[in-house]
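No value in this document is a laboratory result; all are computed from the given coordinates. Source: prediction; values computed, not measured. With ideal geometry, Cβ positions are generated from the backbone for all residues, glycine too; neighbour counts draw on all protein chains shown.
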Amino acid sequence: MKYLSFLIPVAGSAVFFVTGCNNPGTSALTPYSYTIQKSMISYNGAVVSAHPLASKVGVMILQQGGNAVDAAIATQLALAVVYPGAGNLGGGGFMVAYLKDGQSVAIDYREQAPAAAARDMYLDSSGNPVMRLSQYGHLSAGVPGTVAGLFASIKYATMPFEQLITPAIALAEKGFVITAGEATSLNHTQEEFQQYNTFPVAFIKQEGWKPGDTLVQTDLSETLKRIRDKGRSGFYEGETASLVVSEMKKGNGIISPDDLKNYEARERQPVEFNYKGYTILSMPLPSSGGIILQQCLKMIEQRNIGQMGFQSAWSVQLMAETERRAFADRAEFMGDIDFVKVPVHALTSDAYLEERMSDFIQGRAGSSEQIQAGRLNRESEETTHLSIADQWGNVVAVTTTLNGSYGSKTVVSGAGFLLNNEMDDFSVKPGVPNMYGALGSEANAIAPGKRMLSSMTPTIVLKDNEPYLVVGTPGGTTIPTSVFQTIVNIIDFNLSASDAVNKPKFHHQWMPDELYVERDFPSAIADSLQDMGYTITRRDNIGRTELIRIEKNKTGKGYLFESVADKRGDDAAEGF
Ligand code: GLY
């Protein structure tokens with residue numbers, strides 16, 4: 001098959017980048033005019049991500065004959081341009097894949113603490129945490145992992161990297177039209193961009209952004225070109241690395257040339273377990289996500305939750321109590337498995353989980369041990385997830401993050417990308433909640449080269465050894481509980497894919513001892529839960545779940561893909 005990629009300037013700006021091949025129906029990328037599609041049925045492949053242009057880039061790669069891993073790489077690169085709040089080069093992430101030959105893959109490209117990091121680096125002289133330092137600016141950044149992750153996943157891809165990065169370069173160089181959500185979010189962050197940068201950054205527009213404005217990122221396009229031309233050393237060495245290190249010097253940052261050069265993505269064994277005949281594959285440590293998901297699903301497995309009914313007071317209470325117990329374990333035991341011993345087997349054994357639920361009383365709220373009340377603060381939980389499936393039976397779930405919205409708010413001068421503020425995902429001081437209100441212990445203390453504990457939960461569900469669900473979401477600590485609910489909504493409550501994603505969600509994380517429910521969570525159920533003893537806290541959106549549900553085509557050959565992009569953002573489902 002012959003592929004063509006070319007630029008077409010049309011009347012200044014209507015359609016500027018078209019990639020074509022001899023496959024009829026190949027779509028064009030139209031960054032100055034696009035719509036957001038929330039769900040679709042397709043037969044040859046599907047991509048769901050946080051931005052319509054990124055989803056379209058993924059589908060274009062599938063149409064060009066790429067597999068799901070090719071599409072995942074191209075979609076992540078596009079998100080680094082069109083979704084600067086969370087898509088990234090300066091952050092990190094995790095990929096879980098199930099390949100057509102039955103191989104399951106987990107790639108860890110989580111950020112890690114620089115060599116000069118120290119356990120108490122965010123404490124003042126009295127030993128009190130200075131959260132501003134772990135959450136904003138240069139010192140809050142961990143060594144970025146995303147670019148290493150893309151190159152670690154390329155061995156499962158089929159296309160030249162150059163082809164996968166070309167759409168992202170075009171989007172950065174020529175620009176794209178921003179949505180209303182993006183305009184609001186950029187305007188909302190303008191003061192912080194001004195505070196944490198010494199250089200004019202592409203994200204600041206003095207008069208304010210409006211929907212339909214074009215965002216051009218010239219420095220970022222040059223960085224992408226260096227990665228295209230030099231591979232991972234185009235990021236971790238040479239000019240890009242020098243720009244990162246110079247940026248560090250401007251704000252007391254500590255990432256060094258060696259930190260960058262020595263960063264490695266790691267292949268890990270996915271978390272794998274059985275739930276009611278389905279095989280679940282998810283992310284292992286340093287993400288707590290897969291273990292929390294396993295604990296929660298296994299704690300409800302024998303309890304006939306389907307009969308309790310979707311979002312009945314009883315089913316919500318049961319799920320909330322499993323979440324409480326899983327998060328208590330997260331705080332106590334979990335951290336980077338390469339640095340601390342985590343009793344994973346014990347934490348996920350049937351006997352342990354049965355014992356864990358022995359004090360569960362239906363109709364009565366449990367009680368979290370009072371250590372210190374953490375609060376979920378209003379900082380948005382800007383991570384991003386993409387789900388991809390191809391016609392050959394390969395499926396990929398990727399969650400990546402800068403941590404907070406726009407990460408540290410610091411753009412690397414001259415390189416055009418934002419640095420993460422992932423250091424805040426460490427336990428800055430045992431017993432002190434991080435920006436998500438999550439508590440941690442010694443297991444998640446800072447150490448040089450260590451990876452901070454995550455909650456990201458890119459997940460694949462298999463039915464009879466065939467891909468059935470590809471799912472994940474952003475949302476900080478609410479990530480594993482949202483994935484848990486989405487899976488239970490489908491397997492136990494028989495909800496449609498769309499309802500499984502879009503119906504109101506809830507969240508319990510042990511500390512603070514509150515049950516968070518979205519604003520549209522039914523009031524009558526919230527009242528019943530309050531009567532059981534729960535403190536109910538209404539909050540804004542929980543997650544932005546991207547789901548693909550896959551069926552074997554009725555002919556027995558090929559697949560039917562039902563893709564759903566969460567209603568809670570600009571998320572978009574594409575397929576062909
Ligand atoms: N930064 C969010 C997470 O990794 O869980």
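Are there GluC sites (Glu not before Pro) in segment 107-212 that DSSP marks as loop and that have at most 12 other Cβ atoms within 10 Å, and which are they? Provide the component values of the computation, followed by the final result.
Numbers: sites: GLU111, GLU162, GLU173, GLU182, GLU191, GLU192, GLU207; in loops: GLU111, GLU207.
When the GluC sites (Glu not before Pro) of segment 107-212 are filtered for loop state and at most 12 Cβ neighbours within 10 Å, GLU207 remain.
Only helices at least 15 Å long along their own axis, judged from Cα atoms, and with Kyte-Doolittle mean hydropathy of -1.0 or greater: name those in the chain from DSSP H.
52-63, 68-82, 161-174, 238-250, 289-300, 313-333, 478-491
Once you have the Cα-Cα distance between LYS261 and THR555, take 0.36 nm times their residue separation minus that, and quote the gain in nm to one decimal. Could the numbers behind the result be given before it?
On the way: separation 294, 0.36 × 294 = 105.84 nm, distance 5.06 nm.
So the chain would gain 100.8 nm between LYS261 and THR555.
Over its Cα atoms, what ratio of radius of gyration to 2.2 N^0.38 Å does segment 242-395 give?
Dividing the Cα radius of gyration by 2.2 N^0.38 Å gives 1.34.
Could you tell me how far the Cα centroid of segment 116-142 sits from the Cα centroid of segment 30-103, in Å?
A separation of 35 Å, based on Cα centres.
Cα centroids of segment 286-334 and segment 152-203: how far apart, whole angstrom?
36 Å
Which log10 I(q)/I(0) values does segment 26-166 give at q = 0.12, 0.16, 0.18, 0.19 Å⁻¹ under the Debye formula, counting every alpha carbon as one identical point scatterer?
Debye curve over Cα of segment 26-166, log10 I(q)/I(0) at q = 0.12, 0.16, 0.18, 0.19 Å⁻¹: -0.59, -0.89, -1.04, -1.12.
Which whole-number percent is the relative contact order of the chain (Cα, under 8 Å, 6+ apart)?
Normalised by residue count, the contact order of the chain is 23 percent.
As a test of the formula, what do you get for the chain when each DSSP H run with n ≥ 4 contributes -39,500 (n - 2.57) and the sum is divided by the residue count, at 222 nm and rounded to the nearest 500 deg cm²/dmol?
-9500 deg cm²/dmol
Taking 0.36 nm per intervening residue step and subtracting the Cα-Cα distance, what contour gain separates HIS345 from GLN362 on full extension?
3.4 nm
I need the phi-derived Karplus couplings for segment 98-115: 6.51 cos²θ - 1.76 cosθ + 1.60, θ = phi - 60°, integer Hz, Gly and Pro marked x.
Calculated HN-Hα couplings, in order: 10, 9, 4, 8, x, 7, 10, 10, 9, 10, 9, 10, 5, 4, 9, 5, x, 4 Hz.
I want the local charge near MET334. Using Cβ-Cβ distances under 12 Å, sum +1 for each Lys or Arg and -1 for each Asp or Glu among the other residues.
-2
Step through the residues of segment 497-504 one at a time and calculate ³J(HN,Hα) from phi using the Karplus curve (6.51 cos²θ - 1.76 cosθ + 1.60, θ = phi - 60°), rounding each to whole Hz and writing x for Gly and Pro.
Karplus values, whole Hz, x for Gly and Pro: 4, 5, 5, 4, 7, 9, 4, x.
Could you grab the Rg to Rh ratio for the chain? Cα atoms only, Kirkwood for Rh.
With Rh from the inverse mean 1/r over Cα pairs, Rg/Rh is 0.95.
Just report the Cα centroid separation between segment 383-456 and segment 460-533, whole Å.
Segment 383-456 and segment 460-533 have Cα centres spaced 21 Å from each other.
Just how many % of Cα pairs in segment 506-561 lie over 18 Å apart, if you round to the nearest whole percent?
Result for the distance tail: 52 percent.
Just to confirm a number: summing +1 for Lys and Arg and -1 for Asp and Glu over residues other than SER49 whose beta-carbon lies under 13 angstrom from that of SER49, what do you get? Don't skip to the answer; put the middle values down first.
Details: positive: LYS38, LYS56, ARG544; negative: GLU546, ASP566, ASP570, ASP571, GLU574.
Net charge in that neighbourhood comes out at -2.
What does the charge count near ASN197 come to, summing +1 for each Lys or Arg and -1 for each Asp or Glu among other residues with Cβ under 13 Å from its Cβ?
That sum, taken over residues with Cβ under 13 Å, equals -2.
If a/c stays under 1.5 just call it rounded; otherwise compare a/b with b/c (prolate if a/b is bigger, oblate if not). Do that for segment 458-531, with a ≥ b ≥ c from the square roots of the Cα gyration tensor eigenvalues.
Values: a/c = 2.49, a/b = 1.66, b/c = 1.50.
Judged from the Cα gyration tensor, segment 458-531 comes out prolate (a/c at least 1.5, a/b above b/c).
Could you tell me which residue out of TYR534, LEU469, SER523 lies farthest along the dipole of segment 446-542 toward its positive end? Charges go on the beta carbon: Lys and Arg +1, Asp and Glu -1, centred on the Cα centre.
LEU469
Report Rg/Rh for segment 237-290, rounded to two decimals, where Rg is the Cα radius of gyration and Rh the Kirkwood radius. Please report the intermediate quantities before stating the final value.
Working: Rg = 18.5 Å, Rh = 14.2 Å.
My calculation puts Rg/Rh at 1.30.
With the convex hull built on the Cα atoms of segment 90-158, state its orientation-averaged projected area in nm².
For the Cα atoms of segment 90-158, the hull's average projected area reads 6.2 nm².
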